[in-house]
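Below: one structure, written as structure tokens.
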Amino acid sequence: MSDPIDRNGLAPRFWEKKPLAKLSKAEWEALCDGCGKCCLNKLEDEETGEVALTRVACRLFDDSTCRCAQYPIRHQFVPECIVLKPTNIDEHAYWMPQTCAYRLLWEGKPLFDWHPLISGDPETVHEAGVSMRDRTVPEFEIGEDDWEDHIIEEPI
């Protein structure tokens, strides 16, 4: 007997039953909690490899919705935007936020209770204070040399 399907067409707790590499496109996309932290500019220490998040958001980030304002065509404006997928997560998970579902599952950790897949409500990520809703500074307002002034501590 197969698993029941939820209202989004996904099996309940599918992320606990399959490795990341076996997730469907819909399952992969559903893992995104909508926090917006992946759209923040990051600083990487060349000596230690440590990655720090900044409050400086990508020029396409809408911090009222925590979404990319031009997601389908973002590479036309931000060619360096990484499309995280099961085939490249080993290469990119280290710079993902500590609360990111992709990183958590890659590290073998469970999702937080506020994650929409657990709570059933996309607002819980914002209510928990984990998202970047109304907390960012647009990159065009900050010089690249000033990003260090906007480092934020994880997890938010």
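The values are calculated or read from the model by the stated rules, or taken from the named source; none is laboratory data. Please read all numbers here as calculations on a predicted model, not as lab measurements. As a convention, Cβ positions derive from the backbone with ideal geometry for all residues, glycine included, and neighbour counts pool all protein chains shown.
Quick look at the values:
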item	result
Among (1) part of a loop (DSSP other than H, G, I, E, B); (2) farther than 22 Å from P122 by Cα; (3) not charged (D, E, K, R) - the single one L84 does not satisfy	(2)
Condition broken by I82, with the remaining ones in (1) surrounded by fewer than 18 Cβ atoms within 10 Å (Cβ to Cβ); (2) more than 13 Å from the chain's Cα centre (by Cα) satisfied	(2)
Condition check for R133: more than 13 Å from G34 (Cα to Cα), of a type in the set (K, R) and crowded, with 17+ Cβ neighbours inside 10 Å	no
Residues of the range 86-115 that turn out to be surrounded by 11 or more Cβ atoms within 10 Å (Cβ to Cβ), farther than 26 Å from D45 by Cβ and among the charged types (D, E, K, R), as a count	0
Options D121, D45; residue that is over 22 Å from F140 (Cβ atoms), surrounded by fewer than 16 Cβ atoms within 10 Å (Cβ to Cβ), modelled with pLDDT of 95 or more and not aromatic (F, W, Y)	D121
Filtered residue count, the range 56-75, keeping only those that are outside any loop (DSSP other than H, G, I, E, B) and within 14 Å of C35 (Cβ to Cβ)	5
Selection count, the range 127-155, where residues are touching a residue at least 60 places away in the same chain (Cβ under 8 Å) and farther than 21 Å from R59 by Cα	1
Subset of the range 98-112 [in contact (Cβ under 8 Å) with a residue 12 or more places away in the chain and either part of a helix (DSSP H, G or I) or among the charged types (D, E, K, R) (or both)]	A101, Y102, L105, W106, E107
Residues that are part of a loop (DSSP other than H, G, I, E, B), without any contact (Cβ under 8 Å) to a residue 60 or more places away in the chain and charged (D, E, K, R), drawn from the range 14-41	K17, K18
